[in-house]
Amino acid sequence: MKDLDSILAHQREKFREVFSYSVTELQKRIDEIKPKDVQEDIFTEFPQDSSGKKWQIAVLNMLENDISKDIYLKFQEILKDRKSYHCNGCATCCNLACSEYSPEELKKRAENGDNFAKQFLSIFIPYSSKEEARKIYPEYIELLEKNKENQVYFYHCPKLTADNRCSDYENRPQICQDFPDNPLTLLPESCGFCKWKEKSENMTLLLHAMIEIVEYYKQKIPL
Ligand code: SF4
Ligand code: SF4
């Protein structure tokens, strides 16, 4: 069993790396379209109709129309590639689902139209204790204990049979069909999507970093 702590630490380290790389690359693209008569940076308050203002408008267009579109398309590619991998029925995700929300909070969210909460509550029920959940995946519980500041609630699905089959497979909700829907999800080694995670994790980190940076520029460029 791989050490989940080191997997998470590696993921964080990699994110810092790609974040700093992405800032540099984005700044290069911004500078490439900078008018020669502008000395200030992109966050300066420029007068209307000045070269600086036109540059800011061009940068915002680039962020919204080119870069954000590229990010979206890359995410779609990753999700498309997921179809080449398959669940092998290890049942860990049916046996242990974690949420930052208690059953009562999930109920409220579902009543307020949160579709994920609605689906979650249609299958999962809470474990009677954390120790029960620990029996399923001890390393994961330990990792959460070390890294999560907020409370985490543990759930399992009673539709799982004693031989780890889904007793309502044809009607399982979308969240079951889509799991894992993100290569950054921590997966047990038994999961059939580990190879997909391995292959797509770096690109997903890069895309997450780009989203944060693009949002930052969009908020800070004065118009
Ligand atoms: S409904 Fe089936 S697939 Fe979904 S969590 Fe329950 S047992 Fe697993
Ligand atoms: S953890 Fe992965 S392989 Fe196991 S049941 Fe869930 S999706 Fe399938």
For this session: Take the Cβ-Cβ distance between Lys135 and Thr161 as r, set R0 to 22 Å, and report the resulting FRET efficiency rounded to the nearest 0.05.
Result: 0.80
Exercise. Between Asp114 and Thr185, what is the spin-label point distance in nm, taking each point 7 Å from the Cα along the Cα→C-beta axis?
Worked result: 1.7 nm
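Take the Cα radius of gyration of the chain and divide it by 2.2 N^0.38 Å, with N its residue count; two decimals is plenty. Write out the running numbers ahead of the final one.
Details: Rg = 22.2 Å, N = 223, 2.2 N^0.38 = 17.2 Å.
Ratio of Cα Rg to 2.2 N^0.38 Å: 1.29.
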Exercise. Rounded to the nearest 0.05, what FRET efficiency is calculated for Glu13 and His86 with R0 set to 25 Å and r the Cβ-Cβ distance?
Worked result: 0.25
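Calculate the dipole size of the chain relative to its Cα centre from +1 charges on Lys and Arg beta carbons and -1 charges on Asp and Glu beta carbons; express the result in debye to the nearest 20.
420 debye
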For this session: With only Lys, Arg, Asp and Glu charged, each at its Cβ (+1 for the first two, -1 for the last two), find how big the charge dipole of the range 92-190 is about the Cα centre; round to the nearest 20 debye.
Result: 180 debye
For this session: Calculate how steeply helix 51-61 sits against the longest principal axis of the alpha-carbon atoms of the chain, using the helix alpha-carbon long axis, and give the answer as 0 to 90 degrees to the nearest 10.
Result: 20 degrees
Exercise. For the chain, what's the relative contact order in percent, using C-alpha pairs closer than 8 Å and at least 6 residues apart?
Worked result: 33 percent
For this session: Report the paramagnetic label zone for Gln48: residues of the range 189-223 whose backbone N is under 15 Å from a point 7 Å from Cα along the Cα-to-Cβ axis.
Result: 223
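Values quoted throughout were computed directly from the atomic coordinates according to the rules given, and no laboratory measurement underlies them. All values reported here derive from a predicted model rather than from experimental measurement. As a convention, Cβ positions derive from the backbone with ideal geometry for all residues, glycine included, and neighbour counts pool all protein chains shown.
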